[in-house]
Each structure stands twice: as structure tokens, then as C-alpha cells.
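Quick notes on the structure that follows.
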């Protein structure tokens, strides 16, 4: 199968990393496109192997870049990239249905793209299209809150404060404005949280509790843990865990429930009990 790739830069003159890559399959067979947001330890091209895999399944894919800097600038970059992708879909006469995938820092930005309306987090807004929200989202290693919690990883807390751009003591309101937990409502799209068994930054119990709140609202969000992997494991399609997550995302992308065993459900309940103690 032949794949075509095109890069759109969002500014003239060019601004580093403010651009999107679009991988278009030879024949698109899925009516929902995938919009990738890389993690803080990666870069836009790092998503290409995953994008290629989905393209070979007939899925149109895009990957957005964002500048180094604070979270509000990065969220603006992600929103601008998403907006440019919508323009591309319109130009091609394709369905305006997009699923957002993000991992780690990309999951943080992706969660706000999915659940907060433009400008609600305090970011500047300059969009060419009326806001058309994503129809679903897949998030891996997701920070549910930007405020500190008991036993927060010190390295993570240092990174959070750097990304926030101001100290927590100076501006706690910004940390609340950047917390996914504050944007849970009935118009959220379904979310699928993919968790690593050996996650050491973002507590999986928090995303499990979020899914329970979504389900109580009638939103069919899901949560699944992948065995024997660590934070940010989905960057290739080599291991069985990576291949399993790929198939689960493809299932979710097509509007089907992700297969989750009774053992996995019980594990989630144990996590929920942990944070309620």
C-alpha cells in the first residue's frame, strides 16, 4: 500500500514545531481520523511508525508539533494544529470526525483539547473554523490533575511547575485551570485510558476514578491496564503489549467497546479503593 505524507506549517515565517504531518492512506476505510500528540520526551516524527500502522488499516492520521514553553502556548499550538487538520478534512470533503491520541505530556494536552472548549484553560484562541470537538479520545499515562497530590513523584512535580510557567504558590488558579478533572461534564466525548502496569508518574487510579464518573454520566469511557510495561510504552509496534494496544485503539476508533477481562475490571476496582482510603 502506498502512503502519502504532507506537512503543513501554521505560520509564515515558519515557527519551529508549529506544524502538522498528515499521513493519508491509499484508500481510507475508516470514517474517523486519528490526531496524534506526542509525549514530552518525544517529537512529532516519533509518531510515524504508529501512524503508518493505522494508515495501512485505512485510517487517515495527523501528528501535531508544539513549541517548547509553557502549557498555555503548547495548548494553543495543539488547538491550531487540530484546527488546520479540520480545514484539511473540509478541503478533501471528508467526515469531520477526529479521535485524539496523546501520551504522557501529549495526553495532558490532548485531554484538554478533548474536554475543554477553546480558551477555557486560559490559552489564546485564534481558529479558522468554528469549534468542532473530537468525537473520542485515547490517552496513555494521563495526568488527571495539575495540582499536587500525596506521594507525587518529585521529578514529575518539578516538570509540572516548569510547564505551568508559574509556581504553584504564586498562581494555584492556573494549575486548577490545567486540570482535566475540572472539565468533566456530560458533553465530553468517550475516552479510553491505556495504563502501564509499572506507571511511575501519573497514578492509574485517578484515570480509573474519572472513567467511573464518566460512566455515571452515561459516557462509555473505558480503562485498561497493559502488563509488564512502563510509562510511555506505545512508540513502536514490536512487543505484544504494543500490538495489543494498537488493536484496542483500532477497535475503539471504530466505535466498539475495547475487550476488557473480569480480572482487569477487578484490578481497576482495587485502584479505586486505594485512592478512596
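Points worth noting:
- Residue among 170, 230, 199 with the largest mean-square fluctuation in a Gaussian network model of the chain, springs linking Cα atoms under 10 Å: 170
- Square roots of five times the Cα gyration tensor eigenvalues for the chain, Å: 27, 24, 17
- Working from label points 7 Å from Cα in the Cα-to-Cβ sense, the residue 92 to residue 237 distance is 1.7 nm.
- Scattering profile of the range 159-259 at q = 0.11, 0.13, 0.20, 0.24 Å⁻¹ [log10 I(q)/I(0), Debye over alpha-carbon scatterers]: -0.43, -0.59, -1.10, -1.24
- Longest to shortest principal axis, alpha-carbon extents of the range 200-240, angstrom: 37, 20, 15
- Centre-to-centre, using Cα atoms only, the range 206-257 and the range 1-71 are separated by 20 Å.
- In range of the label at residue 158: residues from the range 38-71 whose backbone nitrogen is under 19 Å from the point 7 Å along Cα→Cβ: 40-42, 69-71
- The simple Förster model, with R0 at 35 Å and r as the Cβ-Cβ distance, assigns residue 150 and residue 31 a FRET efficiency of 0.20.
- The range 117-201: Rg to Rh, with Rh as the Kirkwood radius over Cα pairs: 0.99
- Geometric extent, Cα atoms of the range 1-108 - Rg, Dmax (angstrom): 13.1, 40
- Inter-centroid distance (Cα atoms) of the range 76-106 relative to the range 129-151, Å: 15
- Computed on the chain, with alpha-carbon pairs under 8 angstrom and 6+ residues apart, the relative contact order is 16 percent.
- Surface/4 estimate of mean projected area, convex hull on alpha-carbon atoms of the range 3-54, nm²: 4.2
- Stokes-Einstein diffusion coefficient of the range 64-119, Kirkwood radius over Cα pairs, 37 °C, 0.692 mPa s, in µm²/s: 277
- Where both bridge residues fall in the range 4-276, DSSP classifies roughly 30% of the beta bridges as antiparallel.
- Per-peptide average of other Cβ atoms within 10 Å, ordering 45-51, 183-189, 82-88 highest first: 82-88, 45-51, 183-189
Values in this text are rule-based calculations from the coordinates and carry no lab data. Predicted model, so just to flag it, every value in this text is computed and none were measured. Don't worry about glycine lacking a Cβ; one is built from the backbone with ideal geometry, like all the others, and counts go over all protein chains shown.
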